[in-house]
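Data first, discussion second: the structure below is written as structure tokens.
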Amino acid sequence: MNFCSDNVTEVCPEIMAAVIAANEGSAMPYGADEYTQRLEAKLSKLFEAPVIIFPVATGSAANALALSAIAPPYGAIYCHAESHINVDECGAPEFYTGGAKLVTLGGTDAQINPSDLATALEKAGIGIVHHVQPAAVSITQATEAGTVYLPEDIAEIAKLTHDRNLYLHMDGARFANAVVSLGCAPADITWRAGVDVLCFGATKNGAMAAEAVVFFNQELAKTFGYRRKRSGHLFSKMRYLSAQLEAYITDDLWLKNASNANQMATKLAQGLVKFPLVRLCHPVEANEIFVEIPESVVTGLRADGFQFYVWQEATFPIIRVVTAFNTRDEDVDAFLESVQSHSAVNVME
């Protein structure tokens, strides 16, 4: 009944079992354990390239610390106005970079428009001491609107970025949902497209508390260990983070979980658009749905016990509905039945 977020779920059983299994005997601390050592090799195999990885416990830590490795205090980080780093991280990127400025861009469906980025970079005042200096671009995959960047979209942004000697960061809190949606290899929307560093999310897709900062550009990782320690994210018992991530990618669990979340979102969206007074605000390409719906239906859904966030209050509010790895067909059916029962008009055939 809780569609507020994919953060509301319990831990995926396979990941919980891995944590319990890791809770046997002793293990070396601070990432010198066997779980963390195996994880780097397995993620290198998954991405089809050598990577340097750093497990952390939260997405905000992953993003803020990754950005601190690629942007100086006087730098500018270009991102979408709706990005998580701009809206939902309480100044953490600015804090950990020592003062770098987030420069926001528009773009439909929470995606940066390459032409807008090009214009912003042309007007950035490169070399002028009075202006922050362009340092990095950050994109989110899947986006905050529940849409996905195509590989060619990322490549175009990466070219603009690298042509100016900047770095490209990807917030991948819902990276698995994007991979499933696109049906591509993880490498196709990361290093092959020009991404320098990825924050590989697991918490929203079944983990307890585990993310990994993945460096494809290994030169950028040189200072990251110190940055992670200074921030309080060098876990002494790192095996418990790494065991989660290892289980997450074993036997494609991460893709299976994301596939269920995406399928349930698609089913729910397809059911919602059959109601004449309901309108989708963005294409549903991952596991988030933003939908304009009559206020009376919102009230009725809540009375029936459903939970979700209201994104915009109005006569026809916009609500966000998020599905997860454990969302069931019957959960979606119940939501649609509630919409039907509180609608002033019948569903379209």
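The values are calculated or read from the model by the stated rules, or taken from the named source; none is laboratory data. None of the values given here were measured: they were computed from a predicted structure. As a convention, Cβ positions derive from the backbone with ideal geometry for all residues, glycine included, and neighbour counts pool all protein chains shown. Note: accessible area is taken over every heavy atom of the protein model, side chains too, but ligands, DNA and RNA are not part of it. Shrake-Rupley method; radii C 1.70, N 1.55, O 1.52, S 1.80 Å.
Remarks
- Extension reserve of the L280-T58 stretch, reckoned as 0.36 nm per residue once the Cα distance is removed: 76.9 nm
- Taking the accessible area of segment 258-345, probe 1.4 Å, and keeping the other protein chains in place, the carbon and sulfur fraction comes to 49%.
- Three semi-axes of the equivalent ellipsoid, segment 93-159, Cα gyration tensor, whole Å, largest first: 23, 15, 10
- At most 15 other Cβ within 10 Å, DSSP loop - trypsin sites (Lys or Arg not before Pro), segment 1-80: none
- Helices in the chain, meaning DSSP H runs of at least 4 residues, each add -39500 (n - 2.57). Divided by all residues, the mean residue ellipticity at 222 nm is -11500 deg cm²/dmol.
- Apportionment of accessible area to carbon and sulfur, segment 13-253, percent (1.4 Å): 54
- Surface per residue (accessible, 1.4 Å probe) for the chain, Å²: 43
- Comparing mean-square fluctuations of S26, S338, S181 from a GNM of the chain with C-alpha springs under 10 Å, the top value falls on S26.
- Extension gain (nm, one decimal) between A314 and C90, 0.36 nm per residue minus Cα-Cα: 78.0 nm
- Among H84, H131, H169: highest mean-square fluctuation, GNM of the chain, C-alpha pairs under 10 Å: H131
- Linear extension gain, Q270 paired with D304, 0.36 nm per residue minus alpha-carbon span: 10.1 nm
- Relative contact order, whole percent, for segment 197-349 stands at 22, derived from Cα pairs under 8 Å and 6 or more residues apart.
- Sum of side-chain charges, M16 neighbourhood, beta-carbon under 14 Å (Lys, Arg +1; Asp, Glu -1): -3
- Förster-model FRET efficiency, 56 Å R0, Q263 and H131, C-beta, rounded to 0.05: 0.75
- Candidates E122, E285, E40, ranked by Gaussian network fluctuation over the chain, Cα under 10 Å, top entry: E122
- Of all DSSP beta bridges confined to the chain, the antiparallel ones make up roughly 50%.
- Pairs of Lys residues in the chain are counted when their Cα atoms are under 17 angstrom apart and they lie 8 or more places apart or on different chains; the count is 4.
- Cα gyration tensor category, rounded, prolate or oblate, for segment 130-236 with a/c compared to 1.5: oblate
- Under 14 Å, Cβ to Cβ, from A193 - net charge with Lys/Arg +1 and Asp/Glu -1: -4
- Relative contact order of the chain, pairs being alpha-carbon contacts under 8 Å that are 6 or more residues apart, as %: 22
- Loop-located trypsin sites (Lys or Arg not before Pro) across segment 276-334 with a Cβ neighbour count of 14 or fewer within 10 Å are R328, with loop assigned by DSSP.
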